[in-house]
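The values are calculated or read from the model by the stated rules, or taken from the named source; none is laboratory data. These numbers were taken from a predicted model, which means no experiment stands behind them. Please note: Cβ atoms are built from the backbone with ideal geometry, for glycine as well, and neighbour counts cover all protein chains shown. Just the protein is used for accessible areas: all its heavy atoms, side chains included, with ligands, DNA and RNA removed. Shrake-Rupley method; radii C 1.70, N 1.55, O 1.52, S 1.80 Å.
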Amino acid sequence: MQDEAGTTLTPPTDPAADGGAADGAPDDASGARLRPRTRATLAPFAVLALVTLGLDQASKVWALGSLDDGHVVPLVGDLLSLRLIRNPGAAFSIGDSSTVVMTALAVAITSAVVVAAWRAASPRWTAALGLLLGGSLGNLSDRFFREPGPGRGHVIDFIDYGGL
């Protein structure tokens, strides 16, 4: 029976006893328990991001060496080929004249990916975000270190979807 209006019917329990976190880990806005961040939980995120960044840069080095002379490698007729493209804009050359804006957006999105990975409760989400971060850092490195200059650099692309 309730002792007084507004009080709970069950006595308070130790959070560890009912499956909660005994370490005082905070809840997120929805009330779900956040997992504590440790090197072990963020290591796969960082490793996947670094491996993806390395593969991204290695593939661009290959493309610059193999496709720079205008060489095109058809893969599926005219629908899919390998062709070197220096892209100043976003996907499908959207925003070609707004390279600085694209760089600012890329920095914001990369930051959001890091925050999302920090908050992710699922190892699968953390892994997916690690892959996304690696690709994003690859494009950001192009924006900052490739011609025509810092913040205005063109992203090296080489997969051509039907001439788009």
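3J(HN,Hα) along region 129-145, derived from phi through the Karplus expression 6.51 cos²θ - 1.76 cosθ + 1.60 where θ = phi - 60°, amounts to 5, x, 5, 5, 4, x, x, 5, 5, x, 5, 5, 5, 4, 4, 8, 10 Hz, with x in place of Gly and Pro. Heavy-atom accessible surface of region 92-136, averaged per residue, reaches 61 Å², computed with a 1.4 Å probe.
With 0.36 nm allotted per residue and the present C-alpha distance subtracted, the Val100-Asp68 stretch has 9.1 nm of extension available. Each Lys and Arg contributes +1 and each Asp and Glu -1, all at the Cβ; summed about the Cα centre of region 77-164, the dipole is approximately 320 debye.
Projected label points at Leu55 and Ala121, each 7 Å from Cα along the beta carbon direction, are separated by 2.9 nanometres.
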